[in-house]
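Colleague: My questions all concern the structure below.
The values are calculated or read from the model by the stated rules, or taken from the named source; none is laboratory data. Owing to the predicted nature of the structure, the values given are computational and were not obtained by experimental measurement. As a convention, Cβ positions derive from the backbone with ideal geometry for all residues, glycine included, and neighbour counts pool all protein chains shown. The area values use the complete protein model at the heavy-atom level, side chains included, leaving out ligands, DNA and RNA. Shrake-Rupley method; radii C 1.70, N 1.55, O 1.52, S 1.80 Å.
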Amino acid sequence: MSKTAIMLTVNGRNIQFEAEPRKLLSDALREDCRLTGTHVGCEHGVCGACTVLVDGRPQRSCLSFAIQMEGHEIATIESVGTPMGFSVLQEALHAAHGLQCGFCTPGIVMTFEAYLRDHPHPTEVEIREALSGNLCRCTGYQNIVAAIVDAARRMADSNGMRGAAKP
């Protein structure tokens with residue numbers, strides 16, 4: 001099959017490469033964009049390890065062709081936090097021991113960076129429902145849920161302080 005030129009906007013950068021039209025976004029991110037934080041688990045969209053944000057919404061990168069993503073904004077785990085520190089969610093996962101091997105963590109972080117933006121005050125039941133699309137084989141999910149509850153609280157507190165009137 002012949003290759004075609006593809007231009008992806010990933011983490012605010014335009015990246016151009018040639019690939020077969022059938023190349024999956026997950027493979028393009030890892031192989032052509034050299035962003036290996038997006039993990040490939042089941043390759044069927046079930047485990048959530050490959051979750052990235054497309055135009056701000058979580059999407060399984062193993063279920064999308066790279067060529068379909070032209071004109072869209074893609075954010076990977078490499079866009080979360082800074083070289084100097086974790087995001088609030090990453091910090092909470094670290095503090096609560098909400099990860100073990102870390103394979104599922106990028107997908108969970110990407111899922112909940114978007115989820116907490118749209119649901120600033122989730123209940124534990126709502127968090128568990130949203131988490132059901134991310135499989136973790138190492139934990140019992142309790143620490144992950146506790147970390148997300150903590151991150152939601154800290155993000156809400158932070159947003160409330162930004163909106164507070166100054167004396």
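Colleague: I'd like to check something: does the range 98-121 contain any residue that is in contact with a Gly (Cβ under 9 Å, 6 or more places away or on another chain), open to solvent by 70 Å² or more (accessible area, probe 1.4 Å) and not acidic (D, E)?
Modeller: The answer is yes, given that some residue of the range 98-121 is in contact with a Gly (Cβ under 9 Å, 6 or more places away or on another chain), open to solvent by 70 Å² or more (accessible area, probe 1.4 Å) and not acidic (D, E).
Colleague: Within the range 41-71, can you find the residues that are buried (at least 17 other Cβ atoms within 10 Å of the Cβ), assigned to a loop (DSSP other than H, G, I, E, B) and either in contact with a His (Cβ under 6 Å, 6 or more places away or on another chain) or of a type outside the set (S, T, N, Q) (or both)?
Modeller: Within the range 41-71, G41, C47, G48, A49, C50 qualify.
Colleague: Search the range 138-167 for residues that are more than 19 Å from Y115 (Cβ to Cβ) and pair each with any residue that is modelled with pLDDT of 85 or more and of a type outside the set (G, A, S) when their beta-carbon atoms are under 9 Å apart and the residues are at least 6 apart or on different chains.
Modeller: Qualifying pairs under 9 Å: C138/L99; C138/Q100; C138/C101; C138/F103; C138/C104.
Colleague: Considering each residue of the range 129-160, count those that are exposed (fewer than 15 other Cβ atoms within 10 Å of the Cβ) and either closer than 27 Å to G45 by Cβ or touching a Pro at 6+ places or on another chain (Cβ under 8 Å) (or both), and give that number.
Modeller: Counting residues in the range 129-160 that are exposed (fewer than 15 other Cβ atoms within 10 Å of the Cβ) and either closer than 27 Å to G45 by Cβ or touching a Pro at 6+ places or on another chain (Cβ under 8 Å) (or both) gives 8.
Colleague: Would you point out the residue of the range 72-87, among those that are modelled with pLDDT of 95 or more and of a type in the set (A, V, I, L, M, F, W, C), that is least open to solvent (accessible area, probe 1.4 Å)? Spell out how you get there, then give the answer.
Modeller: Taking the range 72-87 first, the residues modelled with pLDDT of 95 or more are 72-80.
Now narrow it down to the ones that are of a type in the set (A, V, I, L, M, F, W, C): 74-75, 77, 80.
Working: I74: 5, A75: 24, I77: 29, V80: 24 Å².
Out of the qualifying residues, it is I74.
Colleague: Then there is this: Where residues in the range 1-26 are in a loop (DSSP other than H, G, I, E, B) and over 20 Å from R60 (Cβ atoms), which of them is modelled with the lowest pLDDT?
Modeller: Here is the first cut: in the range 1-26, the ones in a loop (DSSP other than H, G, I, E, B) are 1-3, 11-12, 20-23.
This time we only want the ones that are over 20 Å from R60 (Cβ atoms), so: 1-3, 12.
Numbers: M1: 75, S2: 92, K3: 94, G12: 97.
Here the answer is M1.
Colleague: I've got another one for you. Going through the range 1-19 one residue at a time, which ones are open to solvent by 50 Å² or more (accessible area, probe 1.4 Å), farther than 14 Å from V52 by Cα and not hydrophobic (A, V, I, L, M, F, W, C)?
Modeller: S2, K3, R13, N14, Q16, E18
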